Amino acid sequence: MFGLSELAIILIVVIVVLAARKLPELARSAGKSARILKAEARAAKEQDQRDAPRVIQGETVSRDASPESGQHRQ
């Protein structure tokens, strides 16, 4: 009788043989998806860095207080 590893190998071979025509298309699609995901992750990281609060020595500003109103907590 076949073991689990032999069945897995047979299944992989069958999938490759039956899907041989679709493999290049699938690989291309996976590559595009990976590039999009990488670009979106980079954009989100850059956005987080831009939105990070500025640190000014000796001054604490609450998020509720707008900079124009001059409300500061010390």
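The values are calculated or read from the model by the stated rules, or taken from the named source; none is laboratory data. All of these numbers come straight from a predicted model, not from anything done at the bench. Cβ: placed from backbone, ideal geometry, glycine included. Neighbour counts: every protein chain shown.
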Inter-residue pairs, beta-carbon under 9 Å, first exposed (fewer than 10 other Cβ atoms within 10 Å of the Cβ) and in the range 1-16, second in a helix (DSSP H, G or I), 6+ apart: Phe2/Ile10
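Considering Gly31, Gly70, which residue is on the phi > 0 side of the Ramachandran plot and either at pLDDT below 85 or surrounded by 10 or more Cβ atoms within 10 Å (Cβ to Cβ) (or both)? Walk me through it before giving the result.
Details: Gly31 fails: on the phi > 0 side of the Ramachandran plot.
Only one candidate passes the filter, namely Gly70.
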Candidate set from the range 47-65 (those that are out of contact with any strand residue (DSSP E or B) (no Cβ under 9 Å at 6 or more places or on another chain) and among the small types (Gly, Ala, Ser)); member that is modelled with the lowest pLDDT: Ala52
